């Protein structure tokens, strides 16, 4: 943003004739500048939310190590954040900056009709904030301000919802660090992250896919090893069940070892996501 444009926007702040309708005509870049210039003014925050919802497309950084949105823990607020961008160019520039810290990213595009699924899906990852980045400036948006968390309290009796947001979050953080070609965490830090993840693994309830007549599918790797796929939530299960060939049964962690096939070496949790392999002796 040029200095001239900044001065024009500053003058708007002192123009009493300007109202919400006038600000709605501004670009997101202009609104983020005004939001920051007013130390987080709620008026501009609200208009930014409107603008973000009305975009035709957003871009997001996808970690190559998890195939999931890159999540960042903000060191001051401890918000678990996902970055979104108004343009592919801004997302690619951000990916290049992250690469300097050995975090490899792809850029994912999300069309307007998929916004709701994307934002609601962030709750399943344990994310609580979205950072809107215009390439020069950022604004942090609390996820509940953008989309309401689904309310499962009125589901029919017997309907079970399986979610593991704390497992998703801790596993993504761990894999983002573990799979870096050049480690930026010490072995002690990685061990602590792994232990936190494993606590959430053991607390979890999972979706186990079944085929006709209770057949359990397995995945065969290039080296010949086989593992049974297990899922943390319906979103991850749907990535595997694209042809609707499987049903899912909810099962706590302590029961998983009972259903592991003899020829399988263990299980793989979220194979299309953070991809955590556990051997039989770890169950």
Once both axes come from the Cα atoms, what is the angle between helix 88-99 and the longest principal axis of the chain, in degrees from 0 to 90, rounded to 10? 60 degrees
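Quickly estimate the mean residue ellipticity at 222 nm for the chain, helices only: each DSSP H run with n ≥ 4 gives -39500 (n - 2.57), and the total goes over all residues, rounded to 500.
-11000 deg cm²/dmol
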Can you give the FRET efficiency for residue 117 and residue 42, using 1/(1 + (r/R0)^6), R0 = 30 Å, r = Cβ-Cβ distance, to the nearest 0.05? 0.60
State log₁₀ I(q)/I(0) for the chain at q = 0.10 Å⁻¹ as given by the Debye formula over alpha-carbon point scatterers of equal weight, solvent excluded. -0.62
First measure r as the distance between the Cβ atoms of residue 99 and residue 242, then evaluate 1/(1 + (r/R0)^6) with R0 = 30 Å and state the FRET efficiency to the nearest 0.05. 0.45
Please report, largest first and rounded to whole Å, the three semi-axes of the ellipsoid equivalent to the stretch 220-283, where each semi-axis is the square root of five times an eigenvalue of the C-alpha gyration tensor. 18, 15, 11
Report the far tail of the P(r) of the stretch 72-190, meaning the percent of Cα-Cα pairs longer than 16 Å. 69 percent
Kirkwood Rh and Cα-based Rg: tell me the resulting Rg over Rh for the stretch 1-54, rounded to two decimals. 0.93
The stretch 80-123 versus the stretch 249-283: alpha-carbon centroid distance in Å: 30 Å
Averaged over all directions, how much area does the convex hull of the C-alpha atoms of the stretch 150-194 cover when projected, in nm²? 4.5 nm²
Degrees separating the helix 3-13 axis from the principal Cα axis of the chain, which is the longest one: 80 degrees
Enter the angle in degrees (range 0 to 90, nearest 10) between the Cα long axis of helix 165-178 and the first principal axis of the Cα atoms of the chain, meaning the one along which they spread out most. 90 degrees
Determine the relative contact order of the stretch 51-110: mean sequence separation of Cα pairs under 8 Å and six or more apart, normalised by residue count, in whole percent. 43 percent
Quote the Stokes-Einstein diffusion coefficient, in whole µm² s⁻¹, for the stretch 67-114, based on the Kirkwood radius over alpha carbon pairs, a temperature of 4 °C and a viscosity of 1.567 mPa s. 108 µm²/s
With only alpha-carbon atoms counted, please give the Rg and Dmax of the stretch 1-127, in Å. 16.5, 51
Restricting to Cα pairs below 8 Å that are 6+ residues apart, what does the relative contact order work out to for the chain? Please round to a whole percent. 14 percent
For the stretch 122-166, alpha-carbon Rg relative to the globular expectation (2.2 N^0.38 Å, N residues): 1.58
Rg/Rh of the stretch 165-282 (Cα atoms, Kirkwood Rh), to two decimals, equals 0.98
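Every number in this text was worked out from the coordinates using simple rules, so none of it is lab data. Quick caveat: nothing in here was measured; it's all calculated off a predicted structure. Here Cβ is always computed from backbone atoms with ideal geometry, including for glycine, and neighbour counts include all displayed protein chains.
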